[in-house]
Amino acid sequence: MPKGSPELTAARKDEIMDACECLYQTMNFKDITLKEIGKVTSFTRTSIYNYFQTKEEIFLALFEREYRNWTDALRSIASSSEKYDTDRLAAKIAESLTSRELMLRLLSANLYDLEDNSRIERLVDFKRTYLNSTEAMDAILERQFPGMKDKERRSLLLTIYEFIHGVYPYAYATSKQQEAMDEVGVRYGEFTLYELAYDGLRRILKSV
């Protein structure tokens, strides 16, 4: 276990996650290694093992941090004194997603690999944070649809999350993907992330 105060441990974990996030902006997941991450931190690659045993654990922790930040935004929507109609609610949730590009990108990656190559305690931490986000979203839906039965609201919640999990690739394409789509004539880049999220969420909410 790493020595030092809980504050120092948290700061070092954040530094590792920040380095990983920075690399992820220009590199693919498969090309990022603990050695590469160690090059852009203030301590050695060996020291990283005091905090994370695999690169998947680092990405999972990064994912968890993104979910926590998004959950804060959802809780703000749920606790607002403003009464939203369906269009406005879809807009508010869509707005909360526009600053969570990293979270959406991670959602579109292979989450199974991240979870399978992380220790159970790390996975439990992540699942707890994910649960908090679903509870915050559920609070929004309960406020919006007070007469809806729990099972129906749960189904709506899952539909929203299924949609959110898949929206990133439609808003962002890699240069290789763009080249391939140009080759076969596939249209892309017509809508921003916000436009895609807003329209999709509005359709889902109006289906109730």
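Counting only helices (runs of 4 or more DSSP H) that fall entirely inside the stretch 157-208 and contain at least 3 residues that are in contact (Cβ under 8 Å) with a residue 24 or more places away in the chain and under 30 Å from GLU142 (Cβ atoms), the qualifying elements are 168-171, 193-206. Among the residues of the stretch 98-112, those identified as surrounded by 14 or more Cβ atoms within 10 Å (Cβ to Cβ) and either closer than 24 Å to TYR198 by Cβ or more than 11 Å from the chain's Cα centre (by Cα) (or both) are THR98, ARG100, GLU101, LEU102, MET103, LEU104, ARG105, LEU106, LEU107, SER108, ALA109.
Here LYS13, LYS30 are screened, and the one residue that is in contact with a helix residue (DSSP H, G or I) (Cβ under 9 Å, 6 or more places away or on another chain) and outside the structural domain of THR174 (by TED's automatic domain parsing) is LYS13. Scanning the stretch 3-51 for residues being among the basic types (Lys, Arg) and assigned to a loop (DSSP other than H, G, I, E, B) gives a total of 1.
Return yes or no: is ALA78 surrounded by 15 or more Cβ atoms within 10 Å (Cβ to Cβ), out of contact with any Ser or Thr (no Cβ under 8 Å at 6 or more places or on another chain), small (Gly, Ala, Ser) and under 24 Å from VAL208 (Cβ atoms)?
Against the criterion (surrounded by 15 or more Cβ atoms within 10 Å (Cβ to Cβ), out of contact with any Ser or Thr (no Cβ under 8 Å at 6 or more places or on another chain), small (Gly, Ala, Ser) and under 24 Å from VAL208 (Cβ atoms)), ALA78 qualifies.
Considering only residues that are touching a residue at least 60 places away in the same chain (Cβ under 8 Å) and of a type in the set (Ser, Thr, Tyr), which ones fall in the stretch 93-121? Answer for the stretch 93-121, where residues must be touching a residue at least 60 places away in the same chain (Cβ under 8 Å) and of a type in the set (Ser, Thr, Tyr): THR98, SER108, SER118.
For the stretch 30-57, filtered to residues that are among the aromatic types (Phe, Trp, Tyr) and buried (at least 17 other Cβ atoms within 10 Å of the Cβ), the residue that is farthest from ALA109 (Cα to Cα) is TYR51. Of all residues in the stretch 127-140, one or more are under 20 Å from PHE163 (Cβ atoms), among the hydrophobic types (A, V, I, L, M, F, W, C), over 16 Å from the mean Cα position of the chain (by Cα) and surrounded by 13 or more Cβ atoms within 10 Å (Cβ to Cβ). Residues that are over 20 Å from LEU89 (Cα atoms), of a type in the set (Ser, Thr, Tyr) and assigned by TED's automatic domain parsing to the domain that holds ALA94 do not occur anywhere in the stretch 132-152.
Within the stretch 113-154, the set of residues being of a type in the set (A, V, I, L, M, F, W, C) and under 22 Å from ILE58 (Cα atoms) comprises LEU114, ILE120, LEU123, VAL124, PHE126, LEU131. Here the stretch 172-208 is the region considered, the condition is being hydrophobic (A, V, I, L, M, F, W, C) and closer than 24 Å to THR98 by Cα, and the residue that is surrounded by the most Cβ atoms within 10 Å (Cβ to Cβ) is ALA197. Taking first residues from the stretch 20-42 that are more than 14 Å from GLU57 (Cβ to Cβ) and partners that are hydroxyl-bearing (Ser, Thr, Tyr) and exposed (fewer than 13 other Cβ atoms within 10 Å of the Cβ), the Cβ contacts under 9 Å between residues at least 6 apart in sequence or on separate chains come to ASN28/THR174; GLY38/THR44; GLY38/THR46.
The values are calculated or read from the model by the stated rules, or taken from the named source; none is laboratory data. Everything quoted here is computed from the prediction, not taken from an experiment. All Cβ positions, even for glycine, are placed from backbone atoms using ideal geometry, and neighbour counts span all protein chains on display.
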